[in-house]
Amino acid sequence: MRLRHLSFPLSAALSIAIVFTFLTMGLNYGVDFKGGTLIEMQPKEKGPSAIAAVRTKADSFGFGEVEVQEFGAEGGVSLRFPIQPGGEAAQGVVVEKARGEFGGAYNFERVETVGPRVSGELVQSGTIGVILSVLAVLAYLWFRFERELAVAAIIGTLHDIVLTIGFFVITRHEFNMTSIAAILTIVGYSLNETVVVFDRTRELLRRYKTMPTIELLNLSINTTMSRTAITSMTTILSLLALVVFGGRAIEGFAQVMLAGVFICTYSAILISSPVLIYIGVRSGQRVPAGATGAAAAQPAE
């Protein structure tokens, strides 16, 4: 618990920075939400990609401002064209033009086309899904625990969501429907980690009614630490395998999940539990956090 003097200012600073960056830079929305055409190409001959040449040719198509980025370690290039007036037929023209211009030197690994109507529906559905899921989780936490434990669990879950969004903002990972799935999975993982620790905390609150709060919280974390470490490490190893061998299709999802596991583990130990000190967890006649000596642990009758 003494590490709360470091973890709280750190998380507060990160959260403020993330909110500011989100409001100024926003997320790097994918084709799912922005609409348009996304093309990912790999050169047929290995070597550095000619980003400047690809950008010049793509701009000459006359389809508006084109985002050209390099990805991977083998010279891959991604092209993102804005929505074209004329519906699906116009989007198809973009793909055919790109194939005709770059097909000789590049293999087309991924082609996605989303119209304005579909992208708008995806934004609405995705937003509603996230909001309803988070509200359901928060409601579960409120009824699952006593008031103080519920408030601390809710703060920890919201903290994890903010830092996960911050990962998208800072790394500029593409935010799409897969990203929403990753966020909801991380919320579930955060809930699992918090419930395990707080179940033990509640058990100890009933058993040791006169133990100082800091000692009791340290005990609840330490008695669940082996479980937390084993769960986190097995999950991290699985996600590392997905990051390294999963391929381009799930690479972004796996990276976000990997960051989320670290965030949730850190939060369950160094954020959620210390919050109980500040909101004043209650069970019987509690001894102040700084009490010593006669405040040794006494089993409940």
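Descriptive notes on the structure:
- Within the range 148-173, the only residue that satisfies the criterion of being buried (at least 22 other Cβ atoms within 10 Å of the Cβ) and either in contact with a Cys (Cβ under 8 Å, 6 or more places away or on another chain) or acidic (Asp, Glu) (or both) is 160.
- So residue 108, is it farther than 26 Å from residue 270 by Cβ, open to solvent by 20 Å² or more (accessible area, probe 1.4 Å) and at pLDDT 85 or above: yes
- Residues of the range 37-64 classified as within 16 Å of residue 109 (Cα to Cα) and either modelled with pLDDT under 75 or out of contact with any strand residue (DSSP E or B) (no Cβ under 9 Å at 6 or more places or on another chain) (or both), total: 3
- If the condition is being in contact with a strand residue (DSSP E or B) (Cβ under 7 Å, 6 or more places away or on another chain) and of a type in the set (Gly, Ala, Ser), then the range 65-84 contributes 75, 76, 78.
- In the range 62-74, the residues that are open to solvent by 40 Å² or more (accessible area, probe 1.4 Å) and among the aliphatic types (A, V, I, L, M): 73
- Matching residues in the range 174-189 - criterion: being open to solvent by 50 Å² or more (accessible area, probe 1.4 Å) and out of contact with any Leu (no Cβ under 9 Å at 6 or more places or on another chain): 178, 184, 185
- With respect to the conditions (1) more than 18 Å from residue 28 (Cβ to Cβ); (2) within 12 Å of the chain's Cα centre (by Cα), residue 197 falls short on a single one, namely (2).
- Any helices (runs of 4 or more DSSP H) falling wholly within the range 190-301 and containing at least 1 residues that are at pLDDT 85 or above, crowded, with 16+ Cβ neighbours inside 10 Å and among the charged types (D, E, K, R): 213-245
- Restricted to the range 28-61, and to residues there that are aliphatic (A, V, I, L, M) and open to solvent by less than 20 Å² (accessible area, probe 1.4 Å), the residue that is farthest from residue 112 (Cα to Cα) is 54.
The values are calculated or read from the model by the stated rules, or taken from the named source; none is laboratory data. Since we're looking at a predicted model, the values are computed, not measured. Every residue, glycine among them, receives a Cβ derived from its backbone with ideal geometry; neighbour counts consider all protein chains shown. Ligands, DNA and RNA are excluded from the accessible area calculation, which covers all protein heavy atoms including side chains. Shrake-Rupley method; radii C 1.70, N 1.55, O 1.52, S 1.80 Å.
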